[in-house]
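For reference, the structure discussed in these notes is given below.
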């Protein structure tokens, strides 16, 4: 699978002597968490993993050369049981996912490091990553951080409908992959599906609402798509990659500069 992580910032490229020589107090390690799961008829199973690697790689390239930030290998299997029933989806249980994160955190600590960021691009991992960031802080004393997607950046130009309900295999993800890996996108297979219409709001939604209901993708999107990929363009994808990776880079720099709130 293609990688955009700059070679000098790829932790797995280092020897143990090079790791030993790093400034352990200041160095920030980034653990990417993503998924291998269905993304409709038109996007690859690795969509979340590719986007994670892409945004993180571009962000790392924006940091000053002297910034001690390294990407750990991508933990590409996530909690994806909402998509079980679609061929190709690989899902870990919550307990397995959290146990792996815990053991990686233990290894980070054993190697002498103090700073670890969990960088996530799959919604099914969000709650688990948040819990584990706190648990790693409590158990190992690590300065742990949690960062998601575009670090709060909002893609410009999305319709209100897509902005509200286009959260899986819709315009944004499709545009990003059209820009980065067009050979993996199948425009002739686009399908559109929205869980609701912005002009007819519902009191309960599966995502992004004060009150939500638990769901499986088959309940609300037979094609696996939640959104509309048809307006996606590679040009918009390039613009969104630049905006999101700039935000991610700024967040990583803030983690490097972070000191304890209470001395």
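Of the residues 175, 249, 243, 209, the single one that is surrounded by 13 or more Cβ atoms within 10 Å (Cβ to Cβ) and part of a loop (DSSP other than H, G, I, E, B) is 209. So for region 56-71 (the condition being part of a helix (DSSP H, G or I), within 17 Å of residue 255 (Cα to Cα) and more than 17 Å from the chain's Cα centre (by Cα)), does at least one residue qualify? For region 56-71, residues part of a helix (DSSP H, G or I), within 17 Å of residue 255 (Cα to Cα) and more than 17 Å from the chain's Cα centre (by Cα): present. Name every residue in region 144-166 that is under 16 Å from the mean Cα position of the chain (by Cα), loosely packed, with under 15 Cβ neighbours inside 10 Å and in contact (Cβ under 8 Å) with a residue 40 or more places away in the chain, in order of residue number. Result: 152, single match. The set of residues in region 8-50 that are assigned to a helix (DSSP H, G or I) and crowded, with 24+ Cβ neighbours inside 10 Å comprises 47, 48, 49, 50. Suppose the filter is surrounded by fewer than 21 Cβ atoms within 10 Å (Cβ to Cβ) and out of contact with any strand residue (DSSP E or B) (no Cβ under 6 Å at 6 or more places or on another chain); does residue 141 pass it? Spelling it out, residue 141 is indeed surrounded by fewer than 21 Cβ atoms within 10 Å (Cβ to Cβ) and out of contact with any strand residue (DSSP E or B) (no Cβ under 6 Å at 6 or more places or on another chain).
Do we have residue 64 as modelled with pLDDT of 95 or more, within 23 Å of residue 187 (Cβ to Cβ) and surrounded by fewer than 20 Cβ atoms within 10 Å (Cβ to Cβ) here? Against the criterion (modelled with pLDDT of 95 or more, within 23 Å of residue 187 (Cβ to Cβ) and surrounded by fewer than 20 Cβ atoms within 10 Å (Cβ to Cβ)), residue 64 does not qualify.
The values are calculated or read from the model by the stated rules, or taken from the named source; none is laboratory data. Nothing here was measured: the structure is a model prediction, and the numbers come from that model. When we count neighbours, we look across all protein chains shown, and the Cβ atoms used for this are built from the backbone with ideal geometry, even at glycine.
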